[in-house]
Structure formats: C-alpha cells, structure tokens
1. Put one equal scatterer on each alpha carbon of the chain, apply the Debye formula with no solvent term, and list log10 I(q)/I(0) at q = 0.12, 0.18 1/Å to two decimals.
2. In Å², and per residue, what accessible area does the chain have when probed at 1.4 Å with the other protein chains present?
3. Could you tell me which chymotrypsin sites (Phe, Trp or Tyr not before Pro) in segment 152-186 are loop residues by DSSP with no more than 12 other beta carbons within 10 angstrom of their beta carbon?
4. For segment 121-175, take the convex hull of the Cα atoms, compute a quarter of its surface area, and give me that in nm², please.
5. With N denoting the number of residues in segment 4-57, provide Rg(C-alpha) divided by 2.2 N^0.38 Å, to two decimal places.
6. Given a 1.4 angstrom probe, I'd like the percentage of the accessible area of the chain that is carbon and sulfur, rounded to a whole number.
7. Kindly provide the helix-only [θ] at 222 nm of the chain, computed as the sum of -39,500 (n - 2.57) over DSSP H runs of four or more divided by all residues, to the nearest 500 deg cm²/dmol?
8. Please work out the C-alpha center-to-center distance from segment 79-124 to segment 155-178 and express it in whole Å.
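The values are calculated or read from the model by the stated rules, or taken from the named source; none is laboratory data. The structure displayed is predicted, hence computed values, not measured ones. Heads up, the Cβs are rebuilt from the backbone with ideal geometry, glycines too, and the neighbour counts pull from every protein chain shown. Only protein heavy atoms, including side chains, enter the accessible area calculation; ligands, DNA and RNA are left aside. Shrake-Rupley method; radii C 1.70, N 1.55, O 1.52, S 1.80 Å.
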Amino acid sequence: MTTPAALVELVDTWISKGSPAQEPIRWNTERWLPPSVDQYPYVAAHAGLIRGLPDRIGRPDVAALGAFAAQSPEDAERAFVASMVWGFGRTGYAVYRTNRILDDNPDAAVKLQHAARVLANDGPVEGYRAMANEQHLKWLGPAFGTKYLGFCSCPDNPALILDALVATWLNEYCGTALRPTRWSTAQYERYLANMAAWSAGRCTPTELETLVFVEEASRREGNQWAPRSTKEQP
C-alpha cells in the first residue's frame with residue numbers, strides 16, 4: 001500500500017525535529033471536583049483520583065491507569081475517568097457528560113472492564129466490537145470510546161483513537177471517508193489496517209495517530225491539544 005504523500009511529509013518533519021512526544025495538556029482540577037457530592041456523584045466518587053492527576057496530563061499518565069483496566073470494574077472506571085479528563089481537557093461540560101455516562105449506565109464499570117479484557121485477550125478490533133455492541137454505554141460515542149480503548153491497549157497491538165481531529169485530517173489529506181461519530185467495527189478495522197501499513201518502517205501506528213491528531217489540532221485556532229509553540233505563533 002502506498003503511503004499518502006501528506007503522511008510521509010508529516011512523519012519526515014516529526015523525525016527531523018527529534019521525534020517529540022505529544023505535549024501534555026493543562027486542565028482545571030477544581031472544575032472536575034463538583035461543589036457538592038449530590039451534584040455529580042459519580043465523578044465526585046473519584047475525587048482522590050482527580051486530585052492525584054498531574055496539572056499537565058499526558059497520554060502516558062492515562063495509559064498508566066489503563067494498564068489495570070482489565071483487572072477489576074473499579075480499575076476500569078478509574079481509567080475511564082482519567083481518559084475523559086484527557087479527552088475533554090478544559091471543556092466546560094466535561095464533568096456533566098462524564099457523570100451522565102456513569103449515572104445512566106448502572107453497570108458501566110463492569111462493561112468497561114469487560115471491554116478492556118476483550119481488548120487484552122483478542123486485540124483492538126474485538127475490543128472495539130465489544131464496546132460498540134454488548135458492552136456499549138449510552139452517551140459514549142466512538143470518539144471517546146476509542147480514547148478509553150487506546151489508553152487500555154497493549155503498545156504492541158494498540159487500539160488507536162478515532163475522533164473528529166484524526167478523521168478530519170485523514171479524510172482531507174489521505175482520501176479516507178471516516179465517520180468518527182458512528183460506531184462501525186468494519187470502519188475501525190480498515191482504519192487500523194491503513195495506519196499499520198502507512199506507519200510501517202517509519203514509526204508505530206500509535207505515533208502516526210498522535211501525529212495526525214496533533215497536526216489537525218494545530219490547524220484549529222486556540223485548540224487545547226495544539227503544541228504550545230503553535231499557539232504562541234502570531
């Protein structure tokens with residue numbers, strides 16, 4: 001498979017800069033701590049976790065929690081909350097949406113653990129299939145679902161984030177027709193296959209996904225996931 005020229009250029013530029021990791025992002029810890037337990041109880045239950053996360057949270061910080069997601073429902077829910085913190089960042093409605101998912105799905109933690117187990121045992125496509133079907137959570141779409149799976153997956157067989165940033169860039173520059181708001185195992189399987197083929201010999205699939213994610217963020221004015229150097233440019 002021929003790698004699209006835009007991806008070749010993107011990887012070449014990244015390598016020329018020393019292959020930097022994605023910068024962590026700032027987020028507001030206090031905003032994630034509800035003023036009362038009654039307001040957002042499912043998020044408030046994780047106050048200790050939230051206080052313990054770094055002020056600038058990066059992918060490795062969340063992946064450290066995701067590594068335990070398959071062990072218990074409690075570990076899975078902790079990994080999920082951390083992935084939502086990273087995925088939402090400073091977005092104002094983050095706590096409301098996270099609490100709604102946990103509130104409207106009484107078995108959320110069990111389903112999250114099961115999806116992580118499938119992911120660990122059978123790989124990212126089956127992990128995605130489980131989360132899209134029998135382990136589906138109301139209000140959780142594939143953009144944030146793949147963030148959770150990505151942070152829980154093994155680096156040697158990774159689940160990759162497929163959200164609006166990644167899909168927009170790939171659709172524009174690589175001729176794909178990705179729809180990041182629709183659960184589709186077939187689409188996700190093709191996406192993973194393409195990213196594996198396009199990254200071969202140059203970088204890992206996760207590094208390629210991260211590069212695309214950051215590149216699209218950098219094109220959007222004021223985007224919180226854009227590198228600070230990009231934000232500081234006139």
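1. Values, matching the q order: -0.65, -1.44.
2. Solvent-accessible surface per residue comes out at 48 Å².
3. In loop regions of segment 152-186 (DSSP not H, G, I, E or B), there are no sparsely surrounded chymotrypsin sites (Phe, Trp or Tyr not before Pro).
4. Taking a quarter of the hull surface, the average projection is 4.4 nm².
5. So the Cα radius of gyration is 1.87 times the expected 2.2 N^0.38 Å.
6. Of the solvent-accessible surface of the chain, carbon and sulfur hold 50 percent.
7. -17500 deg cm²/dmol
8. Comparing the Cα centres of segment 79-124 and segment 155-178, I get a distance of 20 Å.
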